[in-house]
Structures are given as structure tokens and as C-alpha cells.
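Reading through the C-alpha cells given below for one structure.
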Amino acid sequence: MQDSRSKPCSCPSLKLREVASMYFTMVAAFLVILVVALQGSAPRGSEFPYKVPLDPQGLLELSWNVSYPEQAVHFQLLIRELQFGLLFGMSDRGEFENADLAVLWSDGHNSYFGDAWSDAKGQLHMDSQQDYQLLGARRAPEGLYLLFRRAFSTCDPKDYLIEDGTVHLIYGILEKPVRSLQAINTSALPGGLQRVQLLKPNISIPELPGDMKTMEITAPDVVIPSQETTYWCYMAELPAGFPKHHIIMYEPVVTAGNEALVHHMEVFQCAAEFDSFPHYNGPCDSKMKPERLNFCRHVLAAWAMGAQAFYYPEEAGLAFGGPGSSRYLRLEIHYHNPLVFKGRRDSSGIRLYYTATLRPHDAGIMELGLVYTPVMAIPPGEDNFMLTGYCTDKCTQLALPAAGIRIFASQLHTHLAGRKVVTVLARDGRERQVVNADGHYSPHFQEIRMLKEVVAVFPGDELITTCTYNTEDRSRATVGGFGILEEMCVNYVHYYPQTQLELCKSAVDPGYLHRYFSLVNRFNDEEVCMCPQVSVPQQFYSIPWNTFNRDVLKSLYGFAPISMHCNKSSAVRFPGEWEKQPLPSITERLPEPVPRCPPPPGPQPAAPVPLNLGQLRR
């Protein structure tokens, strides 16, 4: 990618110099104009399609635009109440240490903008390569707008590589003037983080049918609890006799003023085997919540902060209503209220767009990854432990149609220890394509993401899902299961045409795990109880986690046969032998992606850009 700073400037520089000589006091303001001319024009406000509040009060609002031809993101940051500056940037998990930052600061008289980085202690340094390119700054009645640009990849070792998947954005507010960038103490700043998917796919919107109708699934007049985190559940019901329709689109409905509090929302359809479900409108973790609501797990829609409307491809729609489909839906809303506001009322939810004119294909949802079982475990104190689940060629050969299926969207899922998730398509022993990957995955930010390109899966293909976990803060093993302190590794892929295959997952063969426990007993002084009545979790909890026991467990998961779950929607396996199946043999891996580097900028001082913003005060 060619750096726009190397392009010849077509602006009337001679005229600018004449004006500057006549109006010497306006040099700083014109310098910003010169920067804009040298570094490219900023998109207009209407050209920022993505928007998210950064802080709980909504005083900082980020909008952005993704240019794949330029391999760059344009940012527009609205600061509604400017004090003495702002830090904005990106880091691995949302920390201020080892962060990549754009900084606006004031010494009380003059203001400056610069590209900086923080070290492992949070100390700021001016970056020798200024890759946050300022495009403009303007005041408006609603606040100060800062416009700047950043390439996906800069090949600057101090810069964050912007990739597909989750990005942890951080911000800090300067409440007092500072004499220099180095004088900023990041640990003392009021600030926070916001998670977004920056690199949205560039997908054309399908034409919507004339008979399209809408249905709003919203929780009526909820008083948001005055606590940091709340999951709210509300039961809704389709009309009696509601025939089969296709959902072709959905979008969020967020109560005005609560944009910074509604973190994410999901609509689940309940299990069809129950004739009725009780009404409920309350916290999901309440003891008053009816037990039967746990059988409402089939995802119809999922939205997270920063996401836009979700469109199904024009060939398919998600079926709901009609015979064999439950009339009952459960809306789940995650409220994030770190400032503990009291008395806030909310009626947010999701608006479904549906049609009675059925599309050629029903869309389906398939679970890939690991079975929810304690035989898959992560030792404590691990910073990078990987577990892999398989959808084998034997299962896809049996369950998929000859023409294959098309995956168009994906929702990755782990519990609290998950850090990375990736699903790869393999064919004939060779990795062919990444289905979906998130190298900065957060269990607190889960959404259905449309893929940049549809992935075709044919009979005999393999889908391999790997999750990476961090258990450095835990003192005992973390086993697989449904509990929040247990773990999962799942990719819910959305595809068409729908097949009978609803779950294609694996786990290590239990017999081989039993051999592992026997080996641990033989080589360790401390006994691991092998009594029949002792559960697998209890056996894992009693293991002394020395290097030998850790390494042998990793090795076991890398070679032992697996138990395959090649399941229909009825939770019954397809006919066949699924126990003690060999691991897929992968002989050729996909190469690691090589970042595209823009040409290095010419010699330039690592100096901030002066801004004429007038006198800043509290």
C-alpha cells in the first residue's frame, strides 16, 4: 500500500504561505489544514457507517470507516466535553500497558496530537513512526471532532496489528494540563475499554421482498439494576397458528439514552418438545426464573455493541413458525452499568424482519468444536493452552449433501478463560481456508459475524476448531462443561441449505484419559484417586500440576483417539462407529499471514502536531 504522504501535494502552497505571512498568528490553525492536504482527505460524516460509545456516559463517541483498497481505517472521534486531552488506542486485552495510542493533550496554552506507545509499566513514549495520521479537527455545537487515519498494518513493532476479529479499544481522559507527553501517568487516568469488530466485511445488502414484515422482541420497561453486570431474560410468544416464515434480517432496537449500557442481546427459540413455557421478565440468574427457560437455546438472532443490521444471503432465510417449531422465544439482554446508574428504564431488544415468501433454502446452524464434557481440561497457571475439536471427514461424508453447504456467518464461543478461537477447513489432509478466526477473542463480546466470503464445505471435508485459554489466575484445573468457570470451545456456523447435521464435535476418548490418570499415579508421589465413584473433574482437581503432568496431558490431546459426536437435531448420532476414531491427519498447514507493510515514511522527527483548539479548561 502506498503511503499517501508520499503523493505530490496539489494544494496551493504558495497562496498558503502568503496568507501565513499576513496572518502570522493563524499559523497553527493552517498547519492542521496543511496536514490534511498532505495526508489525504477525511471522509464526510455520512461516510462513517459504524458507531459505538466508548464510555458509559456516552461523552466519547467513535465512528469509523474501513477501506480495504487502502488497507486503512478512518476514525472520527467525538469528544462532547473536552478537558485537557484524551488518549485513544488499542492493546491486546484492553490494558494501558504495551498499548498503541493516539494522544491529544494540552499544556494549558497549546494543544498537540501525536502517535505514542506505552511500555510494560504504562509509561508513554512518542513513536518514531507517526502512523496515526491526523486528518482534521473541528469544533461543533455537540463537541470536538477529531479525524485521523490508521493503516491495518504499519510494520512498526510498537504498533498494534489491526486484524479480523475483536479489537480492544482503550481511552483515558486528561483532567489536568500536562507539560509533555511523557508526563502523562496512565495509571491515574479515568478511562476504560470498549470491544468492537473494526474490520467489518464489505458485503452488499440483498434486496428485501415487498411482503416483508417486522416483529419486535423487546423487554418492556425494564428498570436496569444498579449493578455493573446484569443478564436480563424476557419471554415472548409468537401468535397461535403462526405459519412458517423466513427471517431475512434483524437489527437492534436500543432505547435512546441507553446506547452505552446495552452491551449485547440474543433471541433464543425454545425447544419444540414442550407445549408451553412460563412467562418471565427478570434477571437470568434469579432463583425466581423458571427452570424450563434453560431449554430455550436455539439462537435466532445475536447482536453486540458496534454491530449493524444482520442480513441473510438472498438464497436463504432462517425458518421460524409452523409445525415442529416452538412458539416461545427468550430475549436475553446484557446490561453493562459500571457507573451503577439507578432508575434507568429500558425497552431494548431485537427487531426481526421476516417474509412468508420462502427463499430457496432454509438456513441452518451447526455446532463445531468440543463436546461439553470434563474429559477436556486445562491445567491451572497456563498462559497459552490449546484444545482442539474436530468435525471429521467421516461425519461430513455421511451427513452433507453432494453439492455441499455454504457457511456465511459464524459465532465463536468460550467461557471466561478463552483468549483465541479459530476454525479451519481441511480437505484431503490439507488446510484450505480459515472459516473464522479471532486472535483477541473476548467472552464478553460475542456476536454473529458475517464472513467476508462464503465458505463452501463438501462431503469428506474436515472442520477443525482450536481454542486457546489462559488460566494464570486459577489454582486448579478447568474442565469442560456448562458452568461459567468450566470451559467450552464452540463455533456456531450459519449455513445453507439446512441439513440434519446439527452438531459435529469431538472429545478425547475416555479410555485414553483413564490411562493418563494411571500414568500420573505411577510417576507422582501424590495419589490421584482412581476410585470408580470419583468423577473426572475430581481426578483432575487432585493432580499435582508439575511440568511432566502438563506436558503429558498436552501430548495426550495431540495424539489420542477421539469420541465423535455426529448428531442430528434430535441429539441422536448418525448411524456408524464414532468411538475411538483417529485424529484427522493434516499434512499441510496454511501459511501464517504476512502483514502488508506500507512504504516507510521519509525522514521525519517524532514530533507531535500542534493544534489550535483555543484555551482548554475544566
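The values are calculated or read from the model by the stated rules, or taken from the named source; none is laboratory data. Since we're looking at a predicted model, the values are computed, not measured. Note that each Cβ is placed from the backbone with ideal geometry, even for glycine, and that neighbours are counted across all protein chains shown. Side chains are part of the model used for accessible areas, which takes the heavy atoms of the whole protein and leaves out ligands, DNA and RNA. Shrake-Rupley method; radii C 1.70, N 1.55, O 1.52, S 1.80 Å.
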- So ASN98, is it more than 23 Å from LEU144 (Cα to Cα) and free of Cβ contacts under 8 Å to residues at least 60 places away in the same chain: yes
- Message: Against the conditions (1) open to solvent by 10 Å² or more (accessible area, probe 1.4 Å); (2) touching a His at 6+ places or on another chain (Cβ under 9 Å), where does LEU181 fall short? Just the number, please.
- Response: (1)
- Task: Quick one: which residue in THR388, THR396, THR423 is assigned to a strand (DSSP E or B) and open to solvent by less than 10 Å² (accessible area, probe 1.4 Å)?
- Result: THR423
- Message: I'd like to check something: does the range 598-608 contain any residue that is open to solvent by 40 Å² or more (accessible area, probe 1.4 Å), modelled with pLDDT of 85 or more and more than 30 Å from THR499 (Cα to Cα)?
- Response: yes
- Taking the range 144-167 and the residues there that are open to solvent by less than 20 Å² (accessible area, probe 1.4 Å) and among the hydroxyl-bearing types (Ser, Thr, Tyr), the one that is farthest from VAL594 (Cα to Cα) would be THR166
- Task: Given the conditions (1) surrounded by 17 or more Cβ atoms within 10 Å (Cβ to Cβ); (2) within 24 Å of GLN581 (Cβ to Cβ); (3) outside the structural domain of GLY389 (by the TED database), report the number of the one that ASN549 does not fulfil.
- Result: (2)
- Task: Select from the range 365-379 the residues that are at pLDDT below 95 and either assigned to a loop (DSSP other than H, G, I, E, B) or surrounded by fewer than 21 Cβ atoms within 10 Å (Cβ to Cβ) (or both) and list them in ascending order.
- Result: ILE365, TYR372
- Message: Quick check on this structure: which one of SER563, SER518, SER506 is open to solvent by less than 50 Å² (accessible area, probe 1.4 Å), over 34 Å from the mean Cα position of the chain (by Cα) and not β-branched (Val, Ile, Thr)?
- Response: SER518
- Could you look through the range 471-498, keep only residues that are assigned to a loop (DSSP other than H, G, I, E, B), at pLDDT 95 or above and open to solvent by less than 30 Å² (accessible area, probe 1.4 Å), and pick out the one that is nearest to ASP383 (Cα to Cα)? THR471
- Item | Selection status of THR465, under 23 Å from ARG297 (Cα atoms) and at pLDDT 95 or above | yes
- State all residues of the range 150-189 that are part of a loop (DSSP other than H, G, I, E, B) and of a type in the set (D, E, K, R); if no residue qualifies, say none. ASP156, LYS158, ASP159, GLU163, ASP164, GLU175, LYS176, ARG179
- Message: Please determine whether any residue of the range 333-352 is in a strand (DSSP E or B), among the small types (Gly, Ala, Ser) and in contact with a Leu (Cβ under 8 Å, 6 or more places away or on another chain).
- Response: yes
